[in-house]
Structures are given as C-alpha cells and as structure tokens.
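Worksheet: one structure, shown below.
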Amino acid sequence: MKFEIKDRDAAGRICKFSAKHGTVTTPNLMPVINPNKMLITPKEMKKLFGVEIVITNSYIINKDVKLKEKALSKGVHKLIDFDGTIMTDSGTFQSYIYGDVEVDPLEIVEFQRDIGSDIGTILDVFGKPNQTKTEAEQGIKETLKRAKQSVKLKGDMNLACTVQGSIYSDLREKCAKELSKIDADFYPIGGVVPLMENQRYTDLVRCILSSKKGLDPSKPVHLFGAGHPLTFPLAVALGCDFFDSSAYVKYANDSRMLFYWGTEKLENLTELPCSCPVCSKYTASELKKLGKKEKILEIAKHNLYVSFAEIKKIRNAIANGNLWELVERRANSNPYLLEALRELRLRENKEFLEQFEPISKNKALFYTGSQTIHRPLVYRCHNRLLKRYKPAFKDTVAFPEGGKPYTSYYFEKINKVLGKADVNILVDSHLGPVPLELDEMYPFAQSVFPDITDKETEEEVTKIFDDFTQNKNMICWKGNKTLEEIKGSIKKGFNGDVHRISAVSDMQFGRGTGKALLNGKIRVVKSKKTNKIRNVYCNEKHILSMRANDGMFTLKMDGARLLHKHFKYPKLRVIVEKDAVPFVKDGKSVFAKFVKDCDSELRPYDECLIVNEKDNLLAVGRCLLNKFEMYSFNYGMAVKIREH
Ligand code: GUN
Ligand code: ZN
C-alpha cells in the first residue's frame, strides 16, 4: 500500500492511495455493493460516477454457498465484476444489528485475504454509544487482541483495523494509539452509525477528533457507515479520507433523496432541486409516477450523483484552500451540524487542528458566520500577534475597521498622525487587531467580512484586542481631534519599509528574525505597478522575496544562511539522512522517509532550512508536511526544494 499527500487544507488532504488494483484519489466514497442484490453494478458505477473503489461484505459472501465458492475460485473482483479497488467488511456491523452472528474473527480475515480483497477488515467489536465505560474498555481490549492476531494473517492484503471506544474520547484515543503500533494499513473509525442516524454530530466530531489524535497520520482514515453527503465536508476537514455509502440504496428504497443540505422525501417535492442526469430527465411528478423498481433505481442514481458531486466540491475546496468555508456553509443548513462545529471552539481542538493548517491559502478568507473567527488559522494568527509581534514605539493609535489595504484607505490620516509623533498604528478589524505593518499579510488583507458581523465574533475580537493592547498606551482614532492627544517626538531615520519587513518576518519565522535578517545595508525593490515590496537585499545579497498573493516571504538562500545562524538547531530546520543529501544538493524534493528530524513548529507550506545531520545548510524549501507527518509517512514529498 502506498499513501501520499498531494495537497491539503484544514486537517483534510488530497492523497493518492495505491493498492494492487490501481490508484484511488482521496477523499473518496466507496459505494456499498451487496453481492446478493446489485441495484447498480460496480462497472456501471465506474461509468456513471467515476467510482474508483467499492466496499462489499465478506460475511455475506461467506454465508452464501454459491457466492463463497465463486469468490474463492475466481476472486472477489470477478464475483462483483469490478477491476478497481475493493474493500471488504467483516460482519461486525451484522453482529451489531442482529446480535451475535457466527463468524470466527480470524477465519473471516483469512477468507478476505483468500478472495483477493484489496483492503480487508478485522472483526472489530462494535462500540455502541450507550455502553458503559467498562463495556467500551472490554470491547477495545477484544478489538486490539483480534487486530494483533489478524495482522499475522493478512498476507499481501491491506488490513483495516477499526478504532472503537464508544463515545469515550480517552478510550478512542488510546485505542487509536495502540492500533497505530501494529502493522495495519488502514484505519476506519467505527461504532458511529447510531450517532449519525440520530444526528448526534457533536459526539461524531468528538469520536473523529479523539481517534485522529491517536492515529498514525500517514495512514488512510475511513469513517465507517457515513454515507450522507451532509457529513462529508466536516469529516474531511477533521482528517477523514474515506466514506462508504449504503445510504444511496437504503434511502432510495423509501423514496428519500439525498442532498448536500439534508434529505427530502420525494412525495414532498413539487420540483426536483437538482441538475443531475436523473433530475434533468424527469419532473418531480414523472419521477413519482415511475414503477417501484425503476423509481428506486433512479433515486439511487440521483443519490450517488449528489454524493460524488459533494466529494468533488470538497476536493476543489482543498485545492483552493477554502474547505472551512464549505464546512461552515454546510453546517448552516443543519442545526445539529452547526452545534457540532461549536466543538471546534475548544482550545485543545484548535491546538490540534492548527498543526495541520496551511500557512496561507490561494483564496481570501470569507466570513460565513460566528464560526469563522474560531478557525484554526485565525487562532494561530492571534497567537502569533501576542507572541511574535513586537511594536516599535510606546504609544499606539487605533483606527476602526475600514477599506483594505488599510495603508491606502487611511493614507491621509496616517500621515497626519505620523506627522505628530512616532507611534504604532493598528486597525481594530473584524479579524482582530492588525498592526499597520502587517496589513498586506495573509489573512489580514486577504479576508472579506460584512460591515456588521455578529455578537460572538465581536466579543472574540474584543478579547484578542484587549490582550494585545494590555499595558500599552492606546489612543482610539475619533477624527482630527485625536491628533491633539498624540504626544511625543519624531526620531529621524525611521524606515517604514524596513519596519514592515521586520514585522512580517517575525510573524512568519519567529520573533527576532526581522532583526537577524536585516542586520546590514538594506535595499528594497518595489513593484513599479503596485509600489509593494518585492525583493529585499541585505548588503546586496538577495535574502527575501515578498509574494504578491499572500504578503508573506519566500526565503532566499542568503536569507536562509542568516536564519540558520540566528536559530539554534533544530529550529526552522528539516534534517535529512545521509542518503538523501546528494538528491537535495541536486535540487530534488525531500521525501518523507529521508527526514531524520525537524522543527515541531513547522506547518504545511512553511519555508524551511534543509540541513544534514551535522547541521550544515544544504538548501531552502517549502514543506508540505508537519513534524508529526514527516516522522510517519514513508511515501511522498515532505519538502519541495526551492534553492540549494
Ligand atoms: N460498518 C459500520 N460501522 C462499522 C464498524 O464499527 N465496524 C465495522 N467493521 N463495520 C462497520
Ligand atoms: Zn438529482
């Protein structure tokens, strides 16, 4: 099995998963195939919806003499006539639904291996939500025991070991940690179907987060039994890679249609609010009048069209860097989901999610509601303002929110203020305090808020503003009369550009880096068109380039040398093994398996220094993974080299 990250946003990721029957892009959905009753064949699914992976049930195959014989002699791919990737489940779910069923936990793994399943599942013990903690603990113990025994039998089949633990976060995390120690290939999160059926999305979020906290980040994660597109965006944002859907048939059987905002009964629809081929072919009344069998088939197709459309939207959102927006918009269509999003306001969850959050994005941050201010990236930004930013002067003048960039919007007023005395200037923005020097940096410039936000955002921003301005002498701009309050003098030689470069550097690379980088004769090259800073030279050495899209720096080799000298090992560094050094010196990417160590504060798409084991600087690059991931992944790129 090969699994590598190609792109990412929030804690979601676009990956390539490769097994014997080809490569699958994640996030992805596996339609459930009932080998006894194929409403739509896998082959047709591939044609209609681009299905790359399906899931079927080895317990059902094993129980039926004919199916069993064919599966054993011809293989599961022939049995269901599909040449793509096939996952099989084990019978756990049947034992949850029907009570004790006769399955031997090890025989069913061997059976899955013998029929040529690409991903087989252990017979985990389904942890029901209403279990006591002791019951949940016992279930985990048995699941772990079976997982350990099953691994020895997997052969060349990939083995899925399910995380259980009922609704007890500590048990889930522990179970995930233990399972990550064994040689498994795939990690489903199990026991969550009853939570989803009852729209207990807050509990679902807790289950996903606690499982993810304990799981090896380099392995695919599957949310078992999640087939409603409503839950896909949030689950992906929290780090789920796969879903499986039997919902498309189950719902079709009683004329219920899936939509990204929820479920609609066909009988209640006067129009079909969808443009899939099915809904384009029929009017609502025509669809209602179809014969029973045909109606089920057509609704099942609609359900799959809608589900795969949502998967595609999610992948687009990851590539564009606006997955959180999609999550928030979807949550706004279901109060239970909206409630579940509140779980992400907890500090410990923000801290966990922040580790996976890219440093900047292709698209501006769009406000969607009171959840936006709680995004992990905003949390990071506020933390960095408090810990990394250092004002130049004693007094500060604060302007209210205005047009962007603030420097141009307040140009005349700023000049008047700075004509009186040397003061710091900041804007009390919808996103929190924005020092003027940072007004081109992501997300301060690249964010869009309505003029009036909401009470919660205002309170959160006020809290940050108060923390940020604590013990500082603040003057709030109230028009020209404020000028009289400004006291002090003007020191000659204050250079606004240098100050801006220094402040952005401190925010991006760490406090004090501005000073370390700008220790010499500075020359700044600006864009002729926009007058924005483009390139920075220190003693005629090119140290930094400022990116036009996010106002952050690309680190040049000469800048990297200065930061290498400034920061002690392992700060800002990715340390590569000896074997990888010649490749790095050749400008090739650093693969995750060659990373020996790295700075725990590096985040996806951060600039980093690549060094050898003796801490000699080899190159400068941009990392795709954080430390946690660099340690775990055996495949794929960890750092893209920029200069060497
Ligand atoms: N299908 C839905 N939930 C589960 C689960 O918890 N375990 C397994 N093996 N299959 C499932
Ligand atoms: Zn439709």
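From the alpha carbon centroid of the stretch 424-473 to that of the stretch 20-72 is 52 Å. The angle separating the long axis of helix 201-214 from the principal Cα axis of greatest extent in the chain is about 80 degrees. Going from the fewest other Cβ atoms within 10 Å to the most, the residues Met1, Met441 appear in the order Met1, Met441. Beta bridges assigned by DSSP with both partners in the chain are antiparallel in approximately 55 percent of cases. Listed by Cβ neighbour count within 10 Å, with the fewest neighbours leading, Met157, Met196 appear as Met196, Met157.
Counting only DSSP H runs of at least 4 residues, each contributing -39500 (n - 2.57), and dividing by the residue count of the chain, the helix-based mean residue ellipticity at 222 nm comes to -11500 deg cm²/dmol. Which GluC sites (Glu not before Pro) from the stretch 87-177 combine a DSSP loop assignment with at most 15 other Cβ atoms within 10 Å? Qualifying residues, ordered by number: Glu102.
Taking 19 Å as the cut-off, the amide N atoms of the stretch 226-245 that come nearer than this to a point 7 Å along the Cα-to-beta-carbon line of Trp261 belong to 228-234. Taking the chain as the reference, fit the longest principal axis to its C-alpha atoms, fit the long axis of helix 557-566 to the helix C-alpha atoms, and give the angle between the two in degrees, 0 to 90, nearest 10. Value to nearest ten degrees: 80.
Among the listed pairs Lys177/Lys361; Lys529/Lys565; Lys141/Lys181; Lys350/Lys627, those with a Cα-Cα distance over 25 Å are Lys177/Lys361; Lys529/Lys565. Where the alpha-carbon atoms of the stretch 325-467 are placed on the principal axes, they occupy 54, 28, 28 Å, in descending order. Residue by residue, the stretch 423-438 carries 3J(HN,Hα) couplings of 9, 7, 10, 9, 10, 7, 8, 5, 9, x, x, 10, x, 3, 5, 9 Hz when phi is fed to the Karplus relation 6.51 cos²θ - 1.76 cosθ + 1.60 (θ = phi - 60°); x denotes Gly or Pro. About the centre of its Cα atoms, the stretch 418-495 shows a dipole size close to 640 debye [charges on the beta carbon of Lys, Arg (+1) and Asp, Glu (-1) only; nearest 20 debye].
Put in line by how crowded their Cβ is, counting other Cβ atoms within 10 Å and starting with the fewest, Ile452, Ile318 read Ile452, Ile318.
The GluC sites (Glu not before Pro) found in the stretch 604-644 that occupy coil by DSSP, while having at most 12 further C-beta atoms within 10 Å, are Glu613.
Applying 0.36 nm per residue to the separation of Lys478 and Asp114 and subtracting their alpha-carbon distance, the gain on full extension is 123.3 nm. Distant-in-sequence amide contacts of Arg8, defined by a placed amide H-H separation under 5 Å and a gap of 5 or more residues or a different chain, comprise Ile14. If you take all other residues with their beta carbon under 13 Å from the beta carbon of Leu72, and give Lys and Arg +1 and Asp and Glu -1, the sum is +1. Spin-label model, Lys578 to Lys593: label points 7 Å out along the Cα-to-beta-carbon direction sit 1.8 nm apart.
Using the alpha-carbon atoms, what tilt in degrees (0 to 90, nearest 10) does helix 105-114 show relative to the longest principal axis of the chain? Compared with the principal axis, the helix lies near 90 degrees. Rg of the Cα atoms in the chain, relative to 2.2 N^0.38 Å, amounts to 1.08.
Bear in mind that the values in this text are calculations on the coordinates, not laboratory data. Just so it is clear, the structure is predicted and the values come from calculations on it, not from any experiment. Backbone-built Cβ (ideal geometry, glycine too); neighbour counts: all protein chains shown.
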